[in-house]
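Structure first, commentary second.
The values are calculated or read from the model by the stated rules, or taken from the named source; none is laboratory data. For clarity, every value in this text was computed on a predicted model and none was experimentally measured. Note that each Cβ is placed from the backbone with ideal geometry, even for glycine, and that neighbours are counted across all protein chains shown. Side chains are part of the model used for accessible areas, which takes the heavy atoms of the whole protein and leaves out ligands, DNA and RNA. Shrake-Rupley method; radii C 1.70, N 1.55, O 1.52, S 1.80 Å.
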Amino acid sequence: MYVAVKGGEAAIANAHRLLADRRRGDRSLPAIGIEQIVAQLALAVDRVMAEASLYDRTLAALAVRQSRGDMIEAIFLLRAYRTTLPRFGYSKPLDTSRMTIERRISATYKDLPGGQLLGPTFDYTHRLLDPSLLTDEEVEEPAQRQAETGRVIRVSEILGQEGLIEDDDSMPEDHEIGDLTREPMEFPMSRDLRLQALARGDEGFLLALGYSTQRGYGRNHPFTGEIRIGEVEVEFDVPELGFAVSLGTIQVTECQMVNQFKGSAKAPPQFTRGYGLVFGQSERKAMSMSLVDRALRAGELGEDVTAPAQDEEFVISHADNVQSTGFVEHLKLPHYVDFQAELDLVRRMRRDFEASRNNGEAMKEAAE
C-alpha cells in the first residue's frame, strides 16, 4: 500500500532548484550547448533516439542535457514527449539495400562485393586514454571518397543465391504489421512486434542476453553476415496524391547475423537469420538485437526453449528500460503501511520461534 505524503511541496520545489544548480555546475565554466551535444556526444544522442523511438537529434540532445547525462532518464523524457505528437500514418518500409553507406563490414566474406568500409569505429583503437583530449587540439581532416548511392548487395542475398539461407520473406501475405505503441502487449507475439520491442529495448539488457547465447544459454552459433551504417530515405504514401513522397533521410544501423541450423522435418539444413535495425550509429545494440531476435525464434524453428534469451515473455517483458525503471524506482515511494505489517509479522514469528526453542530446550532437560 502506498501512502500519500502531505506537506512536501516546498521540499520538492527546493529539490528541483538544487537539481537545476547541479545540472548547471560550476558557473565559471561555459554551459554546454545543444549543438555541442549533437556533434560531440553523437553516440549518446543516437541511443536516446533509438530507445525513445523518436528520431530527432536536437530533442534527444536536450533530453541528455536535462537529465545530466543519465541515459535512461533522457530516454524517459523523450519518450514522454513522443506521446504528445500527432500521428499522420506509417512510412513505407526502408530500403536499406540502397543506403548511402558510411560503414559496412562482414565477418563472413573477406572480398565482399561492393567492398568493406571501416568507417568511424573504435574497433582498431588501443583503448588508451588520450591526454590530447584534455585540451581542444586541432583534429586532422579525414580521408573521404565519393559516396556510393546505388544498390549494394547483402551477404544474405549471396547465400540466398545458392539456397543456403532461409527466405527473408517469412511473414504471411495477409499479415498486418502491428504497432507496439498503439496496441496492448499480448503473448505470443509475432516477429514484427518482437523486433519493435527489441529496437526500443535497453542496450545493456540486450547485450547481456546476446552474450548469454554465446556462452551456451541458447542455440546461437552466429557469424556477422553484415553490419552497415548510413543514410536511408524515408518515404510516405499520400492517398490524395497516389504516390509516395520523400520525407528526407535518417541514419540507421543494420545488422544481419547468420546462424547455423541443422534442419528439421520440414526444412533442410541451412543458415538462419537474426536481424537488428536501430536509429543512428548504434552498432552494439543492433548486434545484440540480432542475437536475441534469433534466440527468440527457437520455437518457430523447432528448437527447445531452454534459456532466458529464448523465452519471449521473459525477454520482452523486461527489455524496456522505461518500464523497468518505473517499477524499480517505485520502491522509493512511501511503503509505510506495508512495512509496518511486515514488521509486526516478523516480530510475531520471532516470538513463536523463541517460544518453540524454549519449549524444546525444556523438554530436552526434562528428558535428561
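Remark: relative contact order (the range 213-368) = 17 percent; criterion is Cα-Cα distance under 8 angstrom and separation of 6 or more residues. Histogrammed with a bin width of 10 Å, the alpha carbon distances of the range 234-289 distribute as 21, 25, 25, 21, 8 percent, first bin at zero.
From the largest down, the range 276-320 spans 34, 21, 13 angstrom on the principal axes of its Cα atoms.
With contacts taken as Cα pairs under 8 Å at a separation of at least 6 residues, the chain carries a relative contact order of 19 percent. Accessible surface for residue 249 stands near 80 Å², nearest 10, in the context of the full protein assembly shown (1.4 Å probe).
With a ≥ b ≥ c taken as the square roots of the eigenvalues of the C-alpha gyration tensor of the range 239-332, please select rounded if a/c is under 1.5 and otherwise prolate if a/b is larger than b/c or oblate if it is not? Oblate shape, in that a/c is at least 1.5 and b/c is the bigger or equal ratio. For the range 111-220, the solvent-accessible area of protein heavy atoms averages 75 Å² per residue (probe radius 1.4 Å; ligands and nucleic acids excluded). Overall shape: prolate for the range 188-275, with the ratio a/c of the largest to smallest alpha carbon gyration tensor axis at 1.5 or above and a/b above b/c. Label-to-label distance, residue 153 versus residue 247, with points set 7 angstrom from Cα along the beta-carbon direction: 3.3 nm.
When Cα extents along the principal axes in Å is computed from the coordinates, the matching label among [x] 54, 45, 38; [y] 62, 40, 39; [z] 91, 68, 54 is [z]. Largest accessible area first, the listed residues 206, 94, 291 line up as 94, 291, 206 when surface is computed with a 1.4 Å probe on the assembled protein chains.
Per residue, how much accessible area does the range 253-295 have with a 1.4 Å probe, in Å²? Please report the intermediate quantities before stating the final value.
On the way: 1540 Å² over 43 residues.
About 36 Å² of surface per residue is accessible.
The alpha carbon gyration tensor of the range 87-129 gives principal lengths a ≥ b ≥ c with a/c of 1.5 or higher and a/b no greater than b/c, which makes the shape oblate.
With every protein chain left in place, what is the accessible area per residue of the range 29-80 in square angstrom, probe 1.4 Å? Could the numbers behind the result be given before it?
On the way: 2490 Å² over 52 residues.
I get 48 Å² per residue for this part.
Work the Kirkwood hydrodynamic radius out for the range 1-112: mean of 1/r over every pair of different alpha-carbon atoms, inverted, in Å. 17.6 Å is the Kirkwood radius here. Could I get the Rg over Rh figure for the range 161-231? Both from C-alpha atoms, Rh via Kirkwood, rounded to two places. Ratio value, two decimals: 1.00.
Taking 56 Å as R0, compute the FRET efficiency from the Cβ-Cβ separation of residue 17 and residue 368 and round it to 0.05. Could the numbers behind the result be given before it?
Working: r = 71 Å, r/R0 = 1.26.
Efficiency at R0 = 56 Å is approximately 0.20.
Each residue of the range 181-190 was assigned a 3J(HN,Hα) from its phi angle through the Karplus curve 6.51 cos²θ - 1.76 cosθ + 1.60 (θ = phi - 60°); the sequence is 7, 10, 10, x, 6, 9, 10, x, 9, 6 Hz, with glycine and proline shown as x. Its alpha carbons give the range 288-368 an Rg and a Dmax of 24.7, 70 Å. Ellipticity at 222 nm from helices only: DSSP H runs of n ≥ 4 in the chain, each -39500 (n - 2.57), divided by the residue count, give -12500 deg cm²/dmol. Accessible surface of the chain, 1.4 Å probe: 56 percent of it comes from carbon and sulfur atoms.
At q = 0.21 Å⁻¹, what is the log10 ratio I(q)/I(0) for the range 85-187, with the Debye formula run over Cα points and no solvent? Debye output, listed in q order: -1.22. Other residues with beta-carbon under 15 Å from the beta-carbon of residue 27 carry, at +1 per Lys or Arg and -1 per Asp or Glu, a net charge of +2. Close amide-amide hydrogen proximity is noted between residue 271 and 165, 166, each under 5 Å apart and 5 or more residues distant or on a separate chain (H modeled in the peptide plane; Pro and chain starts excluded). The gain in end-to-end length when the residue 340 to residue 139 segment is fully stretched comes to 66.2 nm, 0.36 nm per residue minus the alpha carbon separation. Please list, by residue number, every one of the chymotrypsin sites (Phe, Trp or Tyr not before Pro) in the range 1-84 that is coil in DSSP and has at most 12 other beta-carbon atoms within 10 Å. Here the sparse-neighbourhood loop sites are 2.
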